[in-house]
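Some notes on the structure that comes next.
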Amino acid sequence: MYNLKFIRDNTESMRRGLARRGEAHRLDSILKLEERRRGILAEVEVLKAERNAKSREIGSIKKSGGDANELQAYVRSLGDKIKDFDDELKTVDSELQEKISWLPNLPHDSVPDGEDASSNVVRKEWGEKPEFHFPIKDHLELGRSLGILDFERGAKVAGSGFPLYTGKGAALERALINFMLDTHVKEHSYTEIYPPFMVNYESLFATGQIPKLLEDMYKCKDDDLYLIPTAEVPVTNMHRDETFSEKQLPVNYAAFTACFRREAGSYGRETRGFLRVHQFNKVELVKIVHPDDSYDEHEKLTLNAERILEMLEIPYRRLELCAGDLGFAAAKCYDLEVWSPAEEKWLEASSCSNFEDFQARRANIRFKPESGGKALFVHTLNGSGLATSRLMVALLENNQTEEGTVMAPKVLVPYTGFSIIGYKKNTEF
RNA sequence: GGAGAGGUGGCCGAGUUGGUCGAAGGCGUUCGCCUGCUAAGUGAAUGUAGGAGCAAAAACUCUUACCCUGGGUUCGAAUCCCAGCCUCUCCGCCA
């Protein structure tokens with residue numbers, strides 16, 4: 001979220017950045033409104049200054065017992081004019097704020113050009129895609145035949161797109177969450193957070209889900225609360241309207257939450273099983289850092305997420321998103337994709353973004369420099385570390401055996417207590 | 001859900017018979033003085049945001065707004081009225 005002064009002083013560089021995302025058209029009406037705003041301001045402030053002066057005068061006249069009726073009538077007429085200007089100003093202001101709130105973040109210089117996902121660049125590929133010498137099953141068949149996933153009953157109790165895990169499926173899910181949290185907390189030095197799963201409008205606005213993604217949020221209308229689409233929202237907003245001291249930075253958080261997304265308008269598109277769901281679990285990493293460090297921290301964060309996949313021995317690749325495919329608030333973003341042998345496709349399991357000061361401005365999160373001077377905006381980052389839904393697809397499919405069973409990854413065994421998901425007793429181990 | 005108390009600057013805390021209050025006092029912070037060092041003492045400074053002026057930036061000057069939020073009354077509101085939000089205490093209900 002940019003302030004007016006910044007837009008006015010950096011119009012051309014903003015226009016260039018926005019053009020890379022195909023959003024440059026948004027700037028002109030803002031500039032026009034801004035000019036009108038200043039015009040009104042100039043007029044109304046003169047009137048207000050006069051009103052203040054005359055009112056003081058009335059005060060002293062009255063105190064000394066004089067008659068100020070005529071002056072009062074005059075100032076009253078000033079007040080009427082002021083009200084007209086103020087009303088107009090209010091209209092212009094809210095229109096401006098609305099328009100500015102739709103300006104996305106500017107892509108970092110290092111971000112490749114491109115209009116859509118087809119221009120994303122593969123930066124790295126890890127692991128070997130497994131080769132099977134038998135007909136393989138997809139995650140849905142595996143989940144059903146092994147009795148660990150029950151999408152039908154999930155649909156019965158809630159609706160389609162609400163996963164339901166049973167027996168070893170539920171245990172595997174829980175193991176995965178604990179494993180990821182433990183790794184980030186104990187080995188990568190993140191502080192664990194367990195936040196609310198519902199947030200208010202201000203929080204969604206601050207992290208940039210609103211206005212653009214409003215339609216994708218589940219809302220509790222009676223209470224004006226929204227189910228979180230990601231832990232990024234409550235965790236980043238912990239520090240809304242706060243000022244850090246410079247030496248408190250960087251702040252690193254890891255949070256497990258369920259995530260809720262309406263996925264409005266995406267029906268029929270890759271909606272089988274876990275490929276697109278309304279509720280899923282995710283361990284999210286959030287960093288609040290010094291502006292000078294955010295690109296280093298972005299690399300670190302991405303490596304922290306990749307480490308999980310390597311420990312789980314899941315083949316993945318890292319994609320750098322092109323300017324046109326960047327999320328609304330991101331200045332730079334890497335996606336991590338896991339391999340699905342059944343789909344023969346890469347599936348997005350993580351998205352690691354540097355928001356620079358975009359969210360910090362909206363959320364008013366600052367730090368006080370050691371050298372003194374004004375508080376500056378921090379940079380915020382986050383990334384999934386990771387989402388279990390797509391991970392579960394890769395995990396089941398990549399680790400299936402000819403018998404139709406699934407081997408649990410070695411690192412998970414201490415968490416699950418079992419190393420194989422067979423046909424029997426998956427609900428009574 | 002019911003009853004009551006309260007929301008003021010980085011913090012604490014005055015200010016509620018409306019007027020010179022952006023707001024006393026204290027703490028903290030910054031700069032200086034003093035003292036072998038530290039502590040203590042002492043002098044001064046110290047809110048944020050917007051606009052205008054100065055060719056630009058900084059400084060500076062002028063000005064507007066802000067005492068939870070949004071309305072209202074008034075020539076004039078931190079102070080009065082209305083609505084809302086939040087916090088605390090007590091009661092009820094409940095996992």
*Enumerate the pairs (first residue in segment A:73-91 and assigned to a helix (DSSP H, G or I) and among the hydrophobic types (A, V, I, L, M, F, W, C); second residue anywhere and open to solvent by 50 Å² or more (accessible area, probe 1.4 Å) and more than 9 Å from RNA strand B (Cβ to nearest atom)) with beta-carbon separation below 9 Å, excluding pairs fewer than 6 apart on the same chain, so at least 6 apart or on different chains.*
A:PHE85/A:GLU43
*Can you tell me which of A:ILE308, A:ILE314 is part of a helix (DSSP H, G or I) and either open to solvent by 10 Å² or more (accessible area, probe 1.4 Å) or more than 21 Å from A:ARG362 (Cβ to Cβ) (or both)?*
A:ILE308
*From the set of residues in segment A:1-15 that are away from RNA strand B (no atom under 12 Å from the Cβ) and among the hydrophobic types (A, V, I, L, M, F, W, C), which is modelled with the lowest pLDDT?*
A:MET1
*Which condition number in (1) near RNA strand B (Cβ under 8 Å from one of its atoms); (2) of a type in the set (Gly, Ala, Ser); (3) over 51 Å from the mean Cα position of the chain (by Cα) is the one that A:ALA49 fails?*
(3)
*Can we say A:LYS137 is among the basic types (Lys, Arg), open to solvent by 40 Å² or more (accessible area, probe 1.4 Å) and outside any loop (DSSP other than H, G, I, E, B)?*
no
_The listed residue being open to solvent by less than 10 Å² (accessible area, probe 1.4 Å), in contact with a Phe, Trp or Tyr (Cβ under 9 Å, 6 or more places away or on another chain) and within 16 Å of RNA strand B (Cβ to nearest atom), out of A:PHE367, A:PHE274_ = A:PHE367
*A:LYS54 within 7 Å of RNA strand B (Cβ to nearest atom) and either in a helix (DSSP H, G or I) or surrounded by 14 or more Cβ atoms within 10 Å (Cβ to Cβ) (or both)*: yes
*Unique residue being among the polar types (S, T, N, Q), open to solvent by less than 60 Å² (accessible area, probe 1.4 Å), farther than 30 Å from A:LEU27 by Cβ and more than 9 Å from RNA strand B (Cβ to nearest atom) when the list is A:SER101, A:SER119, A:SER145*: A:SER145
*Show the residue pairs that are 6+ apart or on different chains and have beta-carbon atoms under 6 Å apart, the first residue being within segment A:206-219 and open to solvent by 40 Å² or more (accessible area, probe 1.4 Å), the second being assigned to a strand (DSSP E or B).*
A:TYR218/A:LEU227; A:TYR218/A:PHE260; A:LYS219/A:TYR226
*From A:PRO229, A:PRO234, which residue is part of a loop (DSSP other than H, G, I, E, B) and either open to solvent by less than 20 Å² (accessible area, probe 1.4 Å) or more than 16 Å from RNA strand B (Cβ to nearest atom) (or both)?*
A:PRO229
*Please list, ordered by first then second residue, the pairs with beta carbon atoms under 6 Å, 6 or more apart or interchain, first in segment A:49-67 and under 24 Å from A:LYS81 (Cα atoms) and at pLDDT 90 or above, second more than 6 Å from RNA strand B (Cβ to nearest atom) and open to solvent by less than 70 Å² (accessible area, probe 1.4 Å).*
A:ARG51/A:LEU78; A:ILE58/A:ALA68; A:ILE58/A:LEU71
*Have a look at A:LYS168, A:LYS186 and point out the one that is open to solvent by less than 50 Å² (accessible area, probe 1.4 Å), among the basic types (Lys, Arg) and at negative phi.*
A:LYS168
*Under the condition of being among the aromatic types (Phe, Trp, Tyr) and open to solvent by 20 Å² or more (accessible area, probe 1.4 Å), which residue from segment A:324-353 is farthest from A:TYR2 (Cα to Cα)?*
A:TRP339
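Any residue that is among the hydrophobic types (A, V, I, L, M, F, W, C) and touching a Leu at 6+ places or on another chain (Cβ under 7 Å) - is there at least one of those in segment A:356-367?
Yes: segment A:356-367 contains one or more residues that are among the hydrophobic types (A, V, I, L, M, F, W, C) and touching a Leu at 6+ places or on another chain (Cβ under 7 Å).
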_Qualifying strands (runs of 3 or more DSSP E) (wholly inside segment A:323-429; at least 1 residues being in contact (Cβ under 8 Å) with a residue 60 or more places away in the chain and over 18 Å from the mean Cα position of the chain (by Cα))_ = A:332-340, A:345-354, A:365-368
*Among the residues of segment A:20-32, is there at least one that is more than 28 Å from the chain's Cα centre (by Cα) and within 8 Å of RNA strand B (Cβ to nearest atom)?*
no
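The values are calculated or read from the model by the stated rules, or taken from the named source; none is laboratory data. Please read these numbers as outputs of a predicted model, since none were measured by experiment. So basically every Cβ, Gly included, is an ideal-geometry build from the backbone, and we count neighbours across all protein chains shown. Each accessible area value is taken on the protein alone, full model and side chains, heavy atoms only, with ligands, DNA and RNA left out. Shrake-Rupley method; radii C 1.70, N 1.55, O 1.52, S 1.80 Å.
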